[in-house]
Amino acid sequence: MRWRYIALLLLVSVSACGPGRDYPSERAVLKATLLELFSRREQAQVITVWHDPRQQSPTLSAFGGPWDHHDTLALQVVDTTAFGLPFLVERITLGEMERFFRDHPKGWDAWFADHPGNAGVVEVVKPRMFQDSAIVYVGRACGELCRSAWRVTVARRSGTWAVSRVDVLKVP
């Protein structure tokens with residue numbers, strides 16, 4: 001009897017948490033965001049996605065804490081294998097970047113020579129999903145004095161996710 005009570009309690013607590021994450025929609029939002037920023041606007045051939053915690057990231061870590069109480073700025077591990085993006089997506093960690101820049105004194109000049117067509121190191125925050133819209137924060141490091149950040153609003157119309165607004169953020 002005690003186990004039934006525990007199982008019932010678990011079931012009620014799980015169902016009270018709501019429907020859960022909508023992974024297909026999150027993936028569609030991320031795809032629309034990356035296409036807008038790095039295919040349409042930047043016309044990149046390659047992006048390198050940051051694959052470490054936000055506290056160590058080259059751009060978004062400059063913002064310190066969260067922008068608001070809903071957004072913890074948790075970096076998304078972007079699995080783009082099924083996105084069908086028109087550019088290559090690589091991953092990099094802090095250790096790999098430190099090694100590269102230690103081994104290449106010319107810094108970012110060496111980076112872009114070794115990574116032709118690359119848009120820089122991109123940080124993608126987990127989308128904040130709403131019913132028919134989402135907000136995604138994206139940062140990009142591309143040199144000693146080159147950092148960008150965007151707040152991208154994506155809307156769903158007729159079942160398709162598309163970018164409706166891109167705000168450029170001032171990086172501290």
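Label separation (Val46 vs Ser164): 3.6 nm, computed from points 7 Å beyond Cα along the C-beta direction. Taking 18 Å as the straight-line reach from the Cα of Lys126, the lysines in range (excluding those fewer than 8 positions away in the same chain) are Lys31.
The simple Förster model, with R0 at 25 Å and r as the Cβ-Cβ distance, assigns Arg91 and Thr153 a FRET efficiency of 0.45. In order along the stretch 123-128, the Karplus-derived 3J(HN,Hα) couplings, from 6.51 cos²θ - 1.76 cosθ + 1.60 at θ = phi - 60°, round to 10, 10, 8, 3, x, 8 Hz, and Gly and Pro are given as x. For the stretch 97-161, with equal point scatterers placed on the C-alpha atoms only and solvent neglected, what are the log10 I(q)/I(0) values from the Debye formula at q = 0.15, 0.29 1/Å, to two decimals? For the stretch 97-161 at q = 0.15, 0.29 Å⁻¹, log10 I(q)/I(0) is -0.61, -1.21. Straight-line cross-link reach from Lys170 at under 17 Å between alpha-carbon atoms covers these aspartates and glutamates, not counting any fewer than eight positions away in the same chain: Asp68, Glu123, Glu144. Distance between the 7 Å Cα→Cβ label points at Gln131 and His104: 4.8 nm.
Taken together, the values in this text are just the output of simple stated rules run on the coordinates, not laboratory data. Bear in mind that the values here come from a model prediction, so they are computed numbers and not experimental data. We place every Cβ from the backbone using ideal geometry, glycine too, and count neighbours over all the protein chains shown.
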